[in-house]
Amino acid sequence: MLSAISRKKAEYFLDKAVSDVCHYLIETSVDIWQVLNVLFYCGTFYVSIKDYNVSDASLEHGVTICSDNHVTYYLVRLMFQLAKNALVQNKALEVIREYVPDAQAFAKINQNTVELRELKVLQARLDKREQ
């Protein structure tokens, strides 16, 4: 857990990073990977401080970049985190259920057994919630 001072410093740095990355002109494949990495880790940081609006915006921007550039590796991680965010925010099950199958499909394509296992657990939680 971060101290209050460390959290503020991290938040300041990541606020700037998100702002800069959202306006960054992607020109190479290296740019794509660097921007996606920043967006994903910013998304997970903002979850840790319960700022779901910034987290969701970062993750959704990452999904758009993946889509625009035909990148599947980060889609799994981005979609899975968006599903977890939606669950914590008590969003409608329909919203959450949109993310899960997409994340599962890309996890299968990427042979990501760790994410597939975690997605099964999330799916089971969703099934219980529906009952």
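Just so you know, all these numbers are worked out from the coordinates, no wet-lab data involved. These figures come from a predicted structure and were not determined experimentally. We place every Cβ from the backbone using ideal geometry, glycine too, and count neighbours over all the protein chains shown.
Suppose every K and R has +1 on its Cβ and every D and E has -1 on its Cβ; what is the size of the dipole of the chain about the Cα centre, in Debye to the nearest 20? Write down the numbers at each step before the final one.
Details: 15 positive and 16 negative charges, 134 e Å.
Dipole size: approximately 640 debye.
Grab the DSSP H runs of the chain that are 4 residues or longer, score each as -39,500 (n - 2.57), total them, divide by all residues and round the 222 nm result to the nearest 500 deg cm²/dmol. Don't jump to the answer; show the numbers that get you there.
Details: 6 runs with 108 residues, N = 131.
Rounded to the nearest 500, the figure is -28000 deg cm²/dmol.
Full extension from residue 41 to residue 16: what is 0.36 nm times the residue separation minus their Cα-Cα distance, to one decimal in nm? Provide the component values of the computation, followed by the final result.
Details: separation 25, 0.36 × 25 = 9.00 nm, distance 1.34 nm.
So the extension gain works out to 7.7 nm.
What are the equivalent ellipsoid semi-axes of the chain, built from the alpha-carbon gyration tensor (square roots of five times its eigenvalues), in whole angstrom, biggest first?
Values: eigenvalues 122, 81, 28 Å².
The answer is 25, 20, 12 Å, longest axis first.
Helices from the chain with mean Kyte-Doolittle at least -0.5 and a Cα length along the axis of 18 Å or more, per DSSP H: which?
Working: long enough: 4-22 (26 Å, -0.12); 29-48 (29 Å, 1.01); 52-69 (25 Å, -0.25); 73-88 (24 Å, 0.87); 93-109 (24 Å, 0.24); 113-130 (26 Å, -0.78).
Once both thresholds are applied, what remains is 4-22, 29-48, 52-69, 73-88, 93-109.
Mind ranking 77-85, 49-57 by how tightly packed they are, going by the mean number of other C-beta atoms within 10 angstrom, highest first?
Answer by packing, highest mean first, reads 77-85, 49-57.
Taking 8 Å as the Cα distance limit and 6 or more residues as the minimum spacing, I'd like the relative contact order of the chain as a percentage.
Working: 108 pairs, mean separation 20.4, N = 131.
Reported as a whole number, the value is 16 percent.
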